[in-house]
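The values are calculated or read from the model by the stated rules, or taken from the named source; none is laboratory data. Here the structure is a predicted model, which is why all the values come from computation and not from measurement. Note: ideal-geometry Cβ built from the backbone for every residue, glycine included; neighbour counts use all protein chains shown. When the accessible area is computed, the model is the full protein with side chains, heavy atoms only, and any ligands, DNA or RNA have been set aside. Shrake-Rupley method; radii C 1.70, N 1.55, O 1.52, S 1.80 Å.
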Amino acid sequence: MLLDTQCTDKKVATEVKMVGAGQGFERTRRITGYLVGTLERFNNAKRAEERERVKHGAA
Amino acid sequence: MAKQIVKRDGCSVLFDSSKILNAIAKANKAVGEEEITATGLLFVTEEVCRLLEARSLSNVEEIQDVVEEVLIRFGFSKTAKAYILYRAEHTKIRDAETYLMDIYKKLTWAPAKEEDIKRENANIDGDTAMGTMLRYGSEGSKFFIDNYVLPKDAAAGHANGDIHIHDKDFYMLTETCCQIDLIRLFKKGFSTGHGYLREPNSIESYAALACIALQANQNEMHGGQSIPNFDFAMAQGVNKTFRKEYVAAFACFLEVKNELDAAEAVARTEVLLQGLPYQPTLGNGEAFGQALLACHGETMRPLLAKTHLHATQKAIQATRRRTYQAMEAFIHNLNTMNSRAGAQVPFSSVNYGTDVSAEGRMVVENLLLATKAGLGNGETSIFPVQIFKVKAGVSFNPEDPNYDLFRLAMETSARRLFPNFSFLDAPFNAQYYREGDYNSEVAYMGCRTRVIGNVYDTERQVTCGRGNLSFTTVNLPRLGLEAKGNTAAFFTLLDERIDLVFRQLLHRFKVQGSKKVYNYPFLMGQGIWLDSEHLKWEDSIEEVLKHGTLTIGFIGLAEALYALLGKHHGQCEQAQALGLQIVQHLRRRADEKARETGLNFSLIATPAEGLSGRFVALDKQRYGTLEGITDKDYYTNSFHVPVSFSIAAFRKIQLEAPYHALTNAGHISYVELDGDASKNLEAFETIVRFMHAQGVGYGSINHPLDRDPVCGYIGVIDDCCPRCGRKEGEGVSEEALLQLKKQYHDVPM
Ligand SMILES: [Zn+2]
């Protein structure tokens, strides 16, 4: 019995279907007034600008 | 005598003196005077060969040097000059080939993520066939413009980074952008050049045709396209839809109530609704009901009252549902439809918020709701850029008729980054405003362009049918560096640059004015551009183009101030004062030029996409890496306080607001908000209201907007998705996703 359960458990474990591996997160940002769905299409200068933005406290 | 000569590409060919003779003859012929006889030609050639032998020269360049030398020595100075020019032309063409081919190689073989040149415009996919084709055309065109079209000083100024001529590849072709009045366009139907479209008759077709108009115009201009009065325009579609829904519901009720067949019910409805003083609309339910009853006898009234009530309710429901779907489709279309040979979607903007009619309000409410809901899988839509018009008495204060829409706009923006907010009460916008006339309401085009004032035709200070013709930007940090801390020297240099830009803008205007209506079958042929409806197919467009703006822009005020004072305007009052003085000077010069020429010279806070990196790279080469100036990969946008500078939102707005009043061709200010803005609406509204109070013209709030495409979560994602727990690139078990699906409706599976 014991052996059997272990066996079944193992089987289930190997059958767990994983989704989304390799997929990144989408990061939408505004650049010169337009939104861009992914940072990859920014040119180098704008990528640097986006990286260096600091938040403005609203207090 | 050398038997072989070495060509530029390194390979050797047999020496042939007749080639030298021919080249000299050609140059001599080009001069037209100073004729060299056949014997003379032989004599000169012989002398060239003798010298080559004596000096044992065999390289093409050296041979050409000797030809020049001999021609000058023999007194054929004009021929020598022609020969030098001829040689220079050839060098240019050869350089062109190498230069262009290098670029073409990069465009062809390097992936966009490695090649900056392929990411010049973030909304064009540089890796696709049509994207690459566009870039081939663009690069070839730029080369042509630089070498054969531009005045030498402008070409040099652009190449060395003193100025930047925007959309230079379109120099010979078209204008930047236009604010399209759909109400005018739809009135009699229109043609896109690929077929005629009738006047639309439902909200669905209004929205669909709006997309088509944006698309058709985008293909004739190099900048974005804007609808300045979206709510007013779409309201007419809602109106038509409501009327049809009302009549249909009215008939339906009669059909059931009086046990008529469908055709009878329709005929009955027609008779009953005849002869009334007005049509049923979304907003006039009560009044229309009374008019209906008044029109018929006592016995009819109870039935009519019930029918009217039912028809009104049904029609409102159906119209709302259809308007939502139409707005949803509008957004979807603008994010997927092709322009420019399929390489990108049209750059579209829509302005709205001031139509207080029930129809206009329904449009805006549903556009906002659809925007908030997102695209098919909940993604944020990139287009259109949406601009909500904030106006006291209309939308700004809690007692205003559209205040509820303003609230919804903020809620939507806190979730989706759009809409942005335009402030019609800012004095420089309010001066044009006439109540109830959308044509007097300032609109902004996505990139921030603003067109309303009109020195060419002061009776027509309006938004519709006008746009920017072209704009060119001055590199302010370079001037700061050249002036070496001397403010007076800075202004002298600035004046020189301004003169150069004005000359160049006028040169371009001449090119643009040489075009005919048939070059713009939609923009001019369909009467979209102001006054173009009076033109014939073969007419020149020069006169009507004068409604457009010729614009000078600037970049890197912060770095320029740093170069002059060692501080930027976020850091010290003195720098802010000088910054304002600089921008005031630019504006004054533009105003003067406008008065002098009768053309709409104006000043823009340049939106700088590819440019911010180009200028700084050139200045780094020239001056090295200088702290606070060239030590980043970009120059700060227009008059903005540097993005990396720590400053409170309110202070930033206060410092930037006065520049809005000066930049009459466009401006925008951003605030970067931390965390999930949709959970902090109060802060969001406080900031927008502060912008209004400070006299900002156009502003928006940035906040992190991330999405996990696997579980559909939208919000801030740092390392790890707060909903499904995966890290970037990790997988999630299908079982876990199924569980999440039960909890959240937007899990895409
Ligand atoms: Zn997730």
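Is it true that residue B:733 is at the interface with chain A (Cβ under 9 Å from one of its Cβ atoms) and over 23 Å from residue B:385 (Cα atoms)?
Details: at the interface with chain A (Cβ under 9 Å from one of its Cβ atoms): yes; over 23 Å from residue B:385 (Cα atoms): yes.
It is true that residue B:733 is at the interface with chain A (Cβ under 9 Å from one of its Cβ atoms) and over 23 Å from residue B:385 (Cα atoms).
Taking each residue of the stretch B:264-292 that is on the phi > 0 side of the Ramachandran plot and looking for partners that are open to solvent by less than 90 Å² (accessible area, probe 1.4 Å) with beta-carbon atoms closer than 8 Å, six or more apart or interchain, yields B:275/B:295.
So which residues in the stretch B:709-722 are surrounded by fewer than 19 Cβ atoms within 10 Å (Cβ to Cβ), within 10 Å of the ligand (Cβ to nearest atom) and more than 9 Å from chain A (Cβ to nearest Cβ), if there are any at all? Spell out how you get there, then give the answer.
If we filter the stretch B:709-722 for residues that are surrounded by fewer than 19 Cβ atoms within 10 Å (Cβ to Cβ), which is where we start, we get B:709, B:716, B:718-720, B:722.
Narrowing the set further to residues that are within 10 Å of the ligand (Cβ to nearest atom) leaves B:709, B:720, B:722.
Of everything in the stretch B:709-722, those that are surrounded by fewer than 19 Cβ atoms within 10 Å (Cβ to Cβ), within 10 Å of the ligand (Cβ to nearest atom) and more than 9 Å from chain A (Cβ to nearest Cβ) turn out to be B:720, B:722.
Filter the stretch B:589-609 down to the residues that are in a loop (DSSP other than H, G, I, E, B) and within 14 Å of another protein chain (Cβ to nearest Cβ), then identify the one that is most open to solvent (accessible area, probe 1.4 Å). Going through the qualifying residues, I end up with B:609. A search for C-beta distances below 6 Å between a residue of the stretch B:145-172 that is crowded, with 16+ Cβ neighbours inside 10 Å and any residue that is among the acidic types (Asp, Glu), counting only pairs 6+ apart in sequence or on different chains, returns B:155/B:146. Being surrounded by fewer than 17 Cβ atoms within 10 Å (Cβ to Cβ), within 14 Å of chain A (Cβ to nearest Cβ) and not basic (Lys, Arg): is that true of residue B:375 here? In short, yes.
Those residues that are in a loop (DSSP other than H, G, I, E, B) and either more than 12 Å from the ligand (Cβ to nearest atom) or touching a residue at least 60 places away in the same chain (Cβ under 8 Å) (or both), I need them from the stretch B:730-749; list them, please. Even if it seems obvious, please write down each step before you answer.
Of the stretch B:730-749, the ones in a loop (DSSP other than H, G, I, E, B) are B:730-731, B:744-749.
Within the stretch B:730-749, B:745, B:746, B:748, B:749 meet the criteria.
Of the strands (runs of 3 or more DSSP E) contained entirely in the stretch B:336-443, those carrying at least 2 residues that are under 19 Å from residue B:695 (Cβ atoms) and not acidic (Asp, Glu) fall at B:385-390, B:420-423.
If you go through the stretch B:716-725 one residue at a time, do you hit one that is touching a Ser or Thr at 6+ places or on another chain (Cβ under 8 Å) and closer than 28 Å to residue B:748 by Cβ? Please lay out each step first, then the result.
Keep residues of the stretch B:716-725 that are touching a Ser or Thr at 6+ places or on another chain (Cβ under 8 Å), which gives none.
Scanning the stretch B:716-725, I find no residue that is touching a Ser or Thr at 6+ places or on another chain (Cβ under 8 Å) and closer than 28 Å to residue B:748 by Cβ, so the answer is no.
Determine whether residue B:727 is open to solvent by 40 Å² or more (accessible area, probe 1.4 Å) and either under 20 Å from residue B:396 (Cβ atoms) or facing chain A (nearest Cβ under 10 Å) (or both). Working first, answer last.
On the way: open to solvent by 40 Å² or more (accessible area, probe 1.4 Å): yes; either under 20 Å from residue B:396 (Cβ atoms) or facing chain A (nearest Cβ under 10 Å) (or both): yes.
Yes: the conditions hold for residue B:727.
Those residues that are assigned to a loop (DSSP other than H, G, I, E, B), among the charged types (D, E, K, R) and at pLDDT 95 or above, I need them from the stretch B:211-258; list them, please.
Within the stretch B:211-258, the first condition is being assigned to a loop (DSSP other than H, G, I, E, B), and the residues that meet it are B:219-224, B:228-229, B:258.
The next check asks that each one be among the charged types (D, E, K, R); those that pass are B:220.
None; the set is empty.
Inside the stretch B:287-304, can you point out the residues that are over 52 Å from the mean Cα position of the chain (by Cα) and in a helix (DSSP H, G or I)? Break it down into steps so the answer makes sense when it comes.
At the first step, the residues of the stretch B:287-304 found to be over 52 Å from the mean Cα position of the chain (by Cα) are B:293-304.
Hits for the stretch B:287-304 are B:293, B:294, B:298, B:299, B:300, B:301, B:302, B:303, B:304.
Conditions (1) surrounded by fewer than 11 Cβ atoms within 10 Å (Cβ to Cβ); (2) in a helix (DSSP H, G or I); (3) among the hydrophobic types (A, V, I, L, M, F, W, C), marked per residue:
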| site | (1), (2), (3) |
| --- | --- |
| B:10 | yes, no, no |
| B:22 | no, yes, no |
| B:42 | no, yes, yes |
| B:66 | no, yes, yes |
| B:71 | no, yes, yes |
| B:78 | no, yes, no |
| B:87 | no, yes, no |
| B:100 | no, yes, yes |
| B:106 | no, yes, no |
